[in-house]
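To start, the structure itself, in C-alpha cells.
The values are calculated or read from the model by the stated rules, or taken from the named source; none is laboratory data. Everything numeric here is computed off the predicted structure, so don't read it as measured data. So basically every Cβ, Gly included, is an ideal-geometry build from the backbone, and we count neighbours across all protein chains shown.
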Amino acid sequence: MENQELLEKLRHSTAHVMAEAVIRIFPEAKIAIGPAIDNGFYYDFDLPRSLTPEDLQKIEKEMQDLIRGGHSFIRKTVSREEALNLFRDQPFKVELIREFPEGEEISTYTQNGFTDLCRGPHVESTKELNPEAFKLLSIAGAYWRGKETNPMLQRIYGTAWKNPAELSAYIKHLEEIEKRDHRKVGRELDLFSTHEEAGPGFVYWHPKGGRIRLAIEDYWRQEHRKSGYDILFTPHIGRSWLWETSGHLGFYKENMYAPMELDKQDYYIKPMNCPFHIMIYKTSLRSYRELPLRWAELGTVYRYERSGVLHGLLRVRGFTQDDAHIICTPEQIESEILEVLRFSLKMWKDFGFQNIKAYLATKPADSVGDDASWEKASESLKKAIDAEGLEYEVDAGGGAFYGPKIDLKIKDALGREWQMTTIQFDFNMPERFSMTFVDQDGKEKRPFMVHRALLGSLERFFGVLTEHYGGAFPVWLAPVQAMVVPVAPAFHDYASQLAAELRMRGFLGEADLSDDRMNAKIRKAQAQKIPYMLVVGDKEMQGNTVSVRTREGEQLPVMDSEVFMEYLKEKILTKAVI
C-alpha cells in the first residue's frame, strides 16, 4: 500500500509537469484535469490544433528538462475569489471552482512558476521524479467531464515509475497486451468483425469464430443440464407494460432502444431477459414442491451504449448473455447459492482461469426488501464464499438497491483483472410481478429470486478468452484442431482423405492443398495458431501414419492416424491447451 501511494503521488506530480510542458509549447492551451490512474496518469487539454506523435516527443523532452530542474511543489490555500482571479483565463478551472461548496478549502500547487488547482498530494520536488522513468503513451479525445454536449478535449496518457527498469518492464507488458488485443487477433485469425456501415457495436461472427462460439455454447448447455438447469428461449421484444412493471422504463430507459409500434401498442427490444422468465413462472400456480427452479437462457439482448465507449467485443450494443434465474424458497437459498458458486468456479477453471477473487456487495442505504431477507441473503453469499475458500473483499453498502451480490473477478495470463460472474439477489422483481408460491402451510409466499450470469456475455467473454490465450486457444476450443500438410501435390488425395476422416470423427480438421511449399504451409498454420500440423508424404501414405508438429514447433513421434485421433480426443476431453 505504501508503495502504491508513492506511485500515485509520483504519477500525479508527473501529470502536473506535463501540463506545464504543454503550456510552454502551446501558451494558449486551456487545461482541464490531470489525475493519476492505474499504472499512469493523463491530462486533458483544449489546444489550438490536433496533437501528433511528434508533439508527444517534444512534450517528453520539455518534461525531462523541467524534472532535471529540481523544482519544489508548493501547496497554498486560497479563497474562492483568489482562485477565480488566479485562473480567470482557464474556463475549465473556473467552472470547477464555482462548484466548490461554500467554506470548502481550495488549494493550489505551484512548481517552477506553473500553478494548478489541486488537492494533492504531490512529491516534495521534481528531484523525486526520474526523467528516464516516464513515457507519454497516446492521445485520445475526451469530452469535458464525460458529457457529449461539452467540448471535446485532447487527452494525453502517460505512465511513470520509480526507475527505468520498472518503466521498461511495463512497456514490455503493454507490448504483450497489444499483441494479444482481441481486435487484432480477431482480424489475424478471421474470427469476427464489426461494421460501421451496418451499425457500430454489433458483432459479425465469421466461420472460425462461430466454431469457437459453438464449442462454448455446447459446453455451456451440457454443464447446465448436469447442474439441473432447464434451458429457456424467449422473445426479443415485449410490450411497454412489461418494461414498466419491471422498472426498466423508469430506471433504464436511456439504455433502451426506441419503441416500435405494433397494433397501436409500444414494443421495446429487450435489454434483459429476466421479465420474460418471470412471465413463464407466472403461467401457473407454483408449489414449494416445484422449487427450486433453475432456468437458463443464452438470451440476446440489446442496450444502447454511447459510441465513445464501444470497444471491440468488450463493450457492444447487442450481446448474448448467459443468463439464469434461480427461484426458490427461503430455506433453499443457502444450498442454491453454494451450488451456483461451485458451478461458476468449475466453469472458469475449465476455461483455464485459476486466479479468481470474490467481491461481496452488501445492503446500501436505499433499498427494497425487509431486513431479514437482506440478512439471510447476505449470509448465504458469505457462507458460499467461505465454503469454497475463496479470497474476497466486502464492498459494504455496494449492493444494488434490490439485493446483495457476489461479483467474481478473474485474472488473465497477463495478470489483468476482469469482472465477469455476477450472482445477484433480487427482492424487487418478485414484488413488482407479484410472484408467489404455495408453501407447506397452504399459504402463498414470496419466493427468493437470484439473477446469475456466469460468463457475463458471450461477446465479452470471447474477447477476454482471446486475449488470455493470445489466440492460441486450447485444443477443445480451437477453430481448426489439425491441419494436414502434404509435402507435394502427389499426396493431396491422402491429405484430403485424412482431413475428411477427422471431420467424420467429430474433429475440426482441414488440409492445405495450396501451391505453397511445405515449410510455408507449416508457417501459415503456426501463424493461425492451429494446435497440430500433420505432415504427410510417401512414407506416411504407405503406412497410414502422420508426422505431427505442434504450433510451438515441437516434433512429436510419427503416429498411426488412428492413434493420433485417440491422442486428439484425449486432449479435447482433458481440455488441454496443447
1 or more residues outside the structural domain of Phe507 (by TED's automatic domain parsing) and over 30 Å from Lys524 (Cβ atoms): qualifying strands (runs of 3 or more DSSP E) within segment 149-245: 152-160, 199-205, 237-239
Residue within segment 405-423 that is outside any loop (DSSP other than H, G, I, E, B), at pLDDT below 95, charged (D, E, K, R) and out of contact with any strand residue (DSSP E or B) (no Cβ under 9 Å at 6 or more places or on another chain) present: no
Residues of segment 357-409 that turn out to be exposed (fewer than 15 other Cβ atoms within 10 Å of the Cβ) and of a type in the set (Phe, Trp, Tyr), as a count: 1
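Yes or no, residue by residue, for (1) in a loop (DSSP other than H, G, I, E, B); (2) under 36 Å from the mean Cα position of the chain (by Cα); (3) in contact (Cβ under 8 Å) with a residue 12 or more places away in the chain:
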{"position": "Ile97", "(1), (2), (3)": "no, yes, yes"}
{"position": "Gly103", "(1), (2), (3)": "yes, no, no"}
{"position": "Thr108", "(1), (2), (3)": "no, no, yes"}
{"position": "Pro121", "(1), (2), (3)": "yes, yes, yes"}
{"position": "Ile139", "(1), (2), (3)": "no, yes, yes"}
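To keep it simple, each residue is scored yes or no on (1) within 21 Å of Lys376 (Cβ to Cβ); (2) surrounded by 14 or more Cβ atoms within 10 Å (Cβ to Cβ); (3) hydrophobic (A, V, I, L, M, F, W, C).
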| position | (1), (2), (3) |
| --- | --- |
| Tyr252 | no, yes, no |
| Asp263 | no, no, no |
| Asp266 | no, yes, no |
| Tyr288 | yes, yes, no |
| Ser307 | no, no, no |
Count - residues of segment 179-193 that are surrounded by fewer than 16 Cβ atoms within 10 Å (Cβ to Cβ) and either touching a Cys at 6+ places or on another chain (Cβ under 8 Å) or farther than 14 Å from His311 by Cα (or both): 4
Any hit, segment 335-350, residues being touching a residue at least 60 places away in the same chain (Cβ under 8 Å), of a type in the set (Gly, Ala, Ser), out of contact with any Cys (no Cβ under 8 Å at 6 or more places or on another chain) and not in a helix (DSSP H, G or I): no
Number of the exception - Trp161 against (1) modelled with pLDDT of 95 or more; (2) more than 17 Å from Asn39 (Cα to Cα): (2)
When residues of segment 509-556 are limited to those that are over 14 Å from Gln497 (Cβ atoms) and among the β-branched types (Val, Ile, Thr), the one surrounded by the most Cβ atoms within 10 Å (Cβ to Cβ): Ile530
Count of residues meeting criterion [modelled with pLDDT of 90 or more and on the phi > 0 side of the Ramachandran plot] in segment 368-396: 1
Segment 303-314, residues that are touching a residue at least 60 places away in the same chain (Cβ under 8 Å) and either among the hydroxyl-bearing types (Ser, Thr, Tyr) or under 27 Å from Gln222 (Cα atoms) (or both): Ser307, Leu313, Leu314
Per-region count, segment 18-64, residues assigned to a loop (DSSP other than H, G, I, E, B) and under 18 Å from Trp161 (Cβ atoms): 4
Residue in segment 372-387 that is of a type in the set (A, V, I, L, M) and part of a strand (DSSP E or B) present: no
